[in-house]
Amino acid sequence: MNNFDVYLYDGSFNNLLNTIEILIKEKIRPIKIVSEECLENDLFSNIKKKTLSRNSIFLKKLQNISKEFFKIVYDVYLSDKQNKELIMYYFILNGLKYGSKIIYLRKLKCVNEALNVSNYVRREAHKLKGFVRFRKLETNFYLAYISPTNNVLGYLANHFKNRLANESWMIYDLKRDLLCIYTKNKYIIITVKDLEKNDFKFSSDELEFANLWQTFYKTIAIKERKNERCRMNMMPKKYWPYMIEMSDEIEKSY
């Protein structure tokens, strides 16, 4: 193998770790690690492509470095960064070398990159905890739509399983076709295909409650103190399409 190969994985976290493990063991410094679905064939047409897969205890070894180290590795995987696989590779490589103190070695480029990406993912997850809007379905489930930049559905699932422990609910990530279903004190995240918004039927009283919420939102607003820039900072526009109280604002923006 030469260092100009593009190394493929199937898109899953475990398979990516298996690939990184083999590259580290064989002392290969890749220029690209990419999931099969994201491979740019034209760009890499002259580069050898190889898929690596192997069963190992590598996952446990990384978890043993420290809980926070492993969380950062997983955050990077959840991010939308195009070079996230290489960030993970070098962060893991140095994590195996320096152990639990790796997260404090900010002079290392890979550490800075990994921490920045991790914070980027966690910040979005934190913001969404306040922007998710559930609506009641005819089935008595509550449904919320999201389309986040990063794959933060797991963060939201862990948050709402405690906040809405006695309800049955779903969160649908439209960007990734991922659906989180919670009921009876546990949740699962599944991949769904060809599922449309109108496949879900809202309950008869949902529109009434939505209208009440919109009216309340407008009523408490103080026209003289309106500050669009501040609102944009506190409530990014990319979340508006899935917030009931912002429906009028969306129509005005188009």
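Could you list the residues of the range 119-158 with an amide nitrogen less than 20 Å from a label point located 7 Å from the Cα of residue 181 in the Cα-to-C-beta direction? Correct set: 134-146, 153-158. Phi angles across the range 172-179 convert, under the Karplus curve 6.51 cos²θ - 1.76 cosθ + 1.60 with θ = phi - 60°, into 3J(HN,Hα) values of 10, 7, 5, 5, 10, 6, 10, 10 Hz, Gly and Pro given as x.
Classify the range 112-217: rounded, prolate or oblate, from the alpha-carbon gyration tensor (a ≥ b ≥ c, eigenvalue square roots; a/c under 1.5 rounded; otherwise prolate if a/b is larger than b/c)? Cα axes put the range 112-217 in the prolate bin.
Beta-bridge orientation, the range 130-252: approximately 75 percent antiparallel, per DSSP, counting only bridges with both partners inside.
Coupling constants for the range 13-24 follow from the phi torsions by the Karplus curve (6.51 cos²θ - 1.76 cosθ + 1.60, θ = phi - 60°), and in residue order they are 5, 5, 5, 5, 5, 4, 5, 4, 4, 5, 4, 5 Hz; glycine and proline get x. Given q = 0.25, 0.27, 0.30 Å⁻¹, what are the Debye log10 I(q)/I(0) values for the range 141-191, with equal point scatterers placed on the Cα positions and solvent ignored? Computed log10 I(q)/I(0) values: -0.90, -1.04, -1.24.
We did not get these values from a lab; they are worked out from the coordinates using the rules stated. On a predicted model such as this, the values are computed, not experimentally measured, just so you know. Glycine gets a Cβ as well: all are built from the backbone with ideal geometry, and neighbour counts include every protein chain shown.
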